[in-house]
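Colleague: The structure under discussion is supplied below as structure tokens; questions concerning it will follow.
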Amino acid sequence: MAHFFSFFILIISVSFLPLTLSRSLSSPPLESQILDVAKSIQNTLHVLSPKFQSFQQEAIKQPLFNSSSSSAFSVSIYPRSSLTKTQHKNYTYLTLSRLARDSVRVSSLTTMLQLEEIQTPVTSGVSEGSGEYFARVGFGQPVKEFYMAIDTGSDITWLQCEPCSECYQQTDSIFNPSDSSTYTSLSCDSPECSALHVSECSSTGTCLYQVSYGDGSFTVGEFATETVSLGNSGGSSFSNVAIGCGHDNEGLFIGSAGLVALGGGSLSLPSQIKATSFSYCLVDRDSDSSSTLEFNSAGPSDSIIAPLLQNSKRSTFFYVGLEGISVAGEMLSVPANIFQVDDNGNGGIIVDSGTAVTRFERSVYNALRDTFVKYAQDLPADGDFMLFDTCYDLSGMKTASVPTVAFHFSGGKTLSLHPKNTLVPVNSSGKFCLAFAPEDGKFSIIGNIQQQGTRVSYDLANNLVGFSPDKC
């Protein structure tokens, strides 16, 4: 089955925001903020320690579902390091692995966002491991729980299924649809099958799906409906959710049983369960904490609100209305329309939890980097590191004053990034790099390094996106 046409899917992780959020103008950003260098370095050592792995494996055994009302519910989410034991001998190798995954993902997103002709197979942004954050999700009746990668750039939820012609290693046992009383194969003429960008029929008349990824990985199998459980047993189970049941899953996936699609298309999980909103907060990937993916819940009242924009050519992605960027209070001199989607669906800036490093169109990145360097002259320069071209040696410091990078959204709201979202360690010896990179395409991406520690909320009913720092 692996030879038939690839079709549309990819990944982002997002959130929800209610109408009660404040619309007042944001305070001007601070020119600089203090980075806790010692704590950041300590985290790079902690994430590789046996104690960290032991703590996390114990933590993820705790109940992961919560439902405070009949309509609002949440699941806990964890960074990749909680689920898969690292094999890297030091933090430098771990960073290299993360950046390699990130580069493959962005290359795939580039393919999708360049708006190739519809006949051209479109590949996903997911690369090895299917994402960086995972949630515990239940499938079938009786319910069986699995660790699933969460992704707002995807529209098709899928998991590995027995019998396997080829299955990669995952943390949980593989889902067997014959054990579930609510699993139903979809026919080729079903509305769900017709909603796929490309579909095929099996010899028995059932609908087949395929999702292909930029690194050559793919999942192929039967398109079906199943009960999906996202809360405890009282009312957070959803019947007849269309999912992919993958019998041939090949490539560099790690740990997760599959992927929960949180994108904007009609087949995504939020669309199918008719969620009016959802939100998540991504914890630091090197921390031993967790946070939540929430649906239909009231977001923080002090969220920084921006318009959630639509791109008729790419319904999966969540575009945000960004008007400018400042460094240390100085606005970058870039064209006013640089972050806008044009009439052909090109350009714009998306929020993507699967991409680690924020990418800007090259002229924007160059302006950001040069302005940052101008205001960071007290920090000792330390060359480059892979895609990072601006690094500093902070090895002799406990703290450092870092110029504030701020995003200025349409409507007058400003999100000031924490120093840890701006300079990140690439080893355990004190080398920190500016966590942005240039992109030669016409689009930009707000990645998960810049989102970590901030609850990102999406009001799907009113097309608003909110950012709430320190609300994990």
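The values are calculated or read from the model by the stated rules, or taken from the named source; none is laboratory data. Being a predicted model, the structure only gives us computed values, none of them experimental. Ideal geometry is used to build each Cβ from the backbone, glycine not excepted, and the neighbour counts take in all protein chains shown. Note: areas computed on protein heavy atoms with side chains; ligands, DNA, RNA excluded. Shrake-Rupley method; radii C 1.70, N 1.55, O 1.52, S 1.80 Å.
Colleague: Given a Förster radius of 45 Å and the C-beta distance between M331 and K39 as r, what FRET efficiency does 1/(1 + (r/R0)^6) yield to the nearest 0.05?
Modeller: On the way: r = 31 Å, r/R0 = 0.68.
Once rounded, the FRET efficiency stands at 0.90.
Colleague: Quick one: how many Å² of M386 are accessible to a 1.4 Å probe, rounded to 10?
Modeller: 100 Å²
Colleague: Measuring from label point to label point, each 7 Å out along Cα→Cβ, what is the T171 to S395 span in nm?
Modeller: In this crude spin-label approximation the distance works out to 3.5 nm.
Colleague: Which of the aspartates and glutamates could be linked to K431 by a straight reach, that is with a Cα gap under 14 Å, when you skip same-chain ones fewer than 8 residues away?
Modeller: D36, D382, D384, D389, D393
Colleague: While we're here: Leaving ligands and nucleic acids out of the surface, order E330, E226 by accessible area at 1.4 Å, largest first.
Modeller: Descending accessible area places them as E330, E226.
Colleague: Now for a separate question. List the aspartates and glutamates whose Cα lies under 15 Å from the Cα of K39, skipping any in the same chain that are fewer than 8 positions away.
Modeller: Cross-link targets: D284, D286, D288.
Colleague: Across the stretch 161-280, how large is the tail of the calculated P(r) beyond 17 Å, expressed as a percent of all Cα pairs? Before the final figure, lay out the partial values.
Modeller: On the way: 4283 of 7140 pairs.
Roughly 60 percent, once rounded to a whole number.
Colleague: Another question, then. On a full-extension model of 0.36 nm per residue, what is the gain between D370 and L30, subtracting their alpha-carbon distance, rounded to one decimal in nm?
Modeller: Residue separation times 0.36 nm, minus the Cα-Cα distance, leaves 120.5 nm.
Colleague: In the structure shown, do any of K374/K413; K89/K144; K89/K374; K413/K442; K313/K420 have a Cα-Cα gap over 30 Å, and if so which?
Modeller: Numbers: K374/K413 25 Å; K89/K144 35 Å; K89/K374 36 Å; K413/K442 24 Å; K313/K420 35 Å.
Beyond 30 Å between Cα atoms: K89/K144; K89/K374; K313/K420.
Colleague: Ranked by accessible surface with a 1.4 Å probe, highest first, in what order do K420, K471, K431 come? Mind dumping the intermediate values first?
Modeller: Details: K420 100, K471 75, K431 35 Å².
Per-residue accessible area, sorted high to low, gives K420, K471, K431.
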